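Reviewing the structure listed below.
Bear in mind these aren't lab numbers, they're just calculated from the coordinates by the rules spelled out. Because the structure is predicted, anything quoted here is derived from the model rather than measured. Neighbour counts are summed over all protein chains in view; Cβ atoms, including those assigned to glycine, are modelled from backbone coordinates with ideal geometry.
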Amino acid sequence: AQVIDDKKGTTLVSLSTLDPEIKGKEKYQGNVKAAEMLGSLLAKKLEEKGIKKVVFDRGGYLYHGRVKAVAESTRKGKIVF
């Protein structure tokens, strides 16, 4: 998952299920549970940077499964889409 400032063309936050914060906690990183952890961590990192509102671009993927898990767990972290 990436958060990009389109106006400046810079990446503000970039996370993956292979990052140590998630990889060490989940045996398999390709499931919904790992995606939920990713969304929670994303919300935490955005909050640390003072970002409270983003636009969610699912990149053509259906809003289902892991995509949905990332979005909903990020919203639970009080990030507005």
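The angle between the Cα long axis of helix 32-48 and the main principal axis of the chain comes to about 30°, on a 0 to 90 degree scale. On the beta carbon distance between GLU21 and ASP57, with R0 = 25 Å, the FRET formula returns roughly 0.60.
Pairs of alpha-carbon atoms within less than 8 angstrom and 6+ residues apart define the contacts here; what relative contact order does the chain have, in percent? Let's see the in-between values first.
Details: 97 pairs, mean separation 23.5, N = 81.
Relative CO of the chain lands at 29 percent.
Using alpha carbons only, how many degrees (0 to 90, rounded to 10) separate the axis of helix 66-76 from the longest principal axis of the chain? Relative to the chain, helix 66-76 is tipped by roughly 60 degrees.
A helix-only calculation puts the chain at -12000 deg cm²/dmol for mean residue ellipticity at 222 nm, using -39500 (n - 2.57) for each DSSP H run of at least four residues, averaged over all residues.
Computed over neighbours whose Cβ is under 15 Å from that of TYR61, the net charge equals +1, Lys and Arg +1, Asp and Glu -1.
For the chain, report the % of Cα-Cα distances exceeding 21 Å. For the chain, the fraction of Cα-Cα distances above 21 Å is 24 percent.
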